[in-house]
1. Can you tell me how many residues within the stretch 50-64 are of a type outside the set (Lys, Arg), touching a helix residue (DSSP H, G or I) at 6+ places or on another chain (Cβ under 6 Å) and under 14 Å from residue 126 (Cα atoms)?
2. Which residue pairs have Cβ atoms under 7 Å apart, sit 6 or more places apart or on different chains, and have a first residue in the stretch 173-186 that is over 9 Å from residue 153 (Cα atoms) and a second that is modelled with pLDDT under 95 and within 11 Å of the ligand (Cβ to nearest atom)?
3. Take residue 18 and decide whether it is farther than 15 Å from residue 88 by Cα, part of a helix (DSSP H, G or I) and either touching a residue at least 24 places away in the same chain (Cβ under 8 Å) or of a type in the set (A, V, I, L, M, F, W, C) (or both).
4. Can you spot a residue in the stretch 58-70 that is surrounded by fewer than 17 Cβ atoms within 10 Å (Cβ to Cβ) and modelled with pLDDT of 95 or more?
5. Across the stretch 6-24, what is the total count of residues that are surrounded by fewer than 21 Cβ atoms within 10 Å (Cβ to Cβ) and either among the charged types (D, E, K, R) or touching a Phe, Trp or Tyr at 6+ places or on another chain (Cβ under 8 Å) (or both)?
6. Considering each residue of the stretch 32-57, count those that are surrounded by fewer than 21 Cβ atoms within 10 Å (Cβ to Cβ) and away from the ligand (no atom under 16 Å from the Cβ), and give that number.
7. Has the stretch 237-255 got at least one residue that is within 14 Å of the ligand (Cβ to nearest atom), in contact with an Asp or Glu (Cβ under 8 Å, 6 or more places away or on another chain) and within 23 Å of residue 128 (Cα to Cα)?
8. Among the residues of the stretch 168-196, count how many are at pLDDT 95 or above and over 18 Å from residue 220 (Cβ atoms).
Amino acid sequence: MRVVIADDANAVAKASAQILCQQMIEQPSSVLGLATGSTPVMLYRELVRRYRAGLVCFSEAKSFNLDEYVGIDPKHHQSYHYFMQHHLFDHINIDPMAIQVPQGLSDPNIECQRYEAAIASAGGIDLQVLGLGANGHIGFNEPTSSLASRTRIKTLTEATVAANARFFKPQERQPSMALTMGIGTIMEARHILLLATGEHKAESVKAMIEGPVCAMHPASVLQFHPTVTIVLDVGAASLLNSQQYFYWVEKMRAETTPEKRENS
Ligand code: GLP
């Protein structure tokens, strides 16, 4: 696990955009796994800025989003389809035919199988972006999710429904079920890039990095992945016992030639 502690949310967006753009430069036909939630919004804004500045190109990229609400129209303002169009896809040159978000209106079981097959036929995910739920969820894999799970329908916890209620108008029906890539699906990505910001995520971050691996904290499974980069701001990192070590590692990396750098 590489843990980068940046000064603030803006620095988290810049550091994670740098990693994603480096991936695109090294492999223009990369398959990206993308996330929603408020944390990656600044990352997407930075990617759009870099695209407009001619620093990155997405014309050969493919993308798969982590999750989508069940029963929601892709045109609905709170659908994850809409979110991705609005924050990223409408502003970069990714091929609209190369974008995939689970279809919330399709038969869930058929859609989950189709989604797994589509990821496999694209050759798997090269770089998976993740946010982190306050309860440790990744995608919509809530606590007690099987650490080997595949794309499937999940019932959200009351806490997650409450956390996401801020995005819905009071009279709007808020879905309580979602289609989500499974933890086993996520773990097959070749590189995982998780972002977390704010003190309200500090306990979840600590459990993910320094706690035991357990289904009650799904993100802790990332300890088993060989190539994970976690980018935190100081608030999200504030409860880590290993903060000084992580700063030290980054200082050493900066002083070492690229050939000698560790990846994980
Ligand atoms: C949602 C998404 C997750 C996201 C999480 C955290 O539940 N399904 O992919 O990581 O929220 O969101 P936020 O970044 O808004 O804290």
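The values are calculated or read from the model by the stated rules, or taken from the named source; none is laboratory data. All of these numbers come straight from a predicted model, not from anything done at the bench. So basically every Cβ, Gly included, is an ideal-geometry build from the backbone, and we count neighbours across all protein chains shown.
1. Total meeting the criteria: 1.
2. Hits for this filter: 174/161; 176/156; 176/161.
3. Here the answer is no, as residue 18 does not meet what is asked.
4. Yes, there is a match, as at least one residue in the stretch 58-70 is surrounded by fewer than 17 Cβ atoms within 10 Å (Cβ to Cβ) and modelled with pLDDT of 95 or more.
5. 3
6. Counting residues in the stretch 32-57 that are surrounded by fewer than 21 Cβ atoms within 10 Å (Cβ to Cβ) and away from the ligand (no atom under 16 Å from the Cβ) gives 9.
7. The answer is no, given that none of the residues of the stretch 237-255 is within 14 Å of the ligand (Cβ to nearest atom), in contact with an Asp or Glu (Cβ under 8 Å, 6 or more places away or on another chain) and within 23 Å of residue 128 (Cα to Cα).
8. Selection size over the stretch 168-196: 5.
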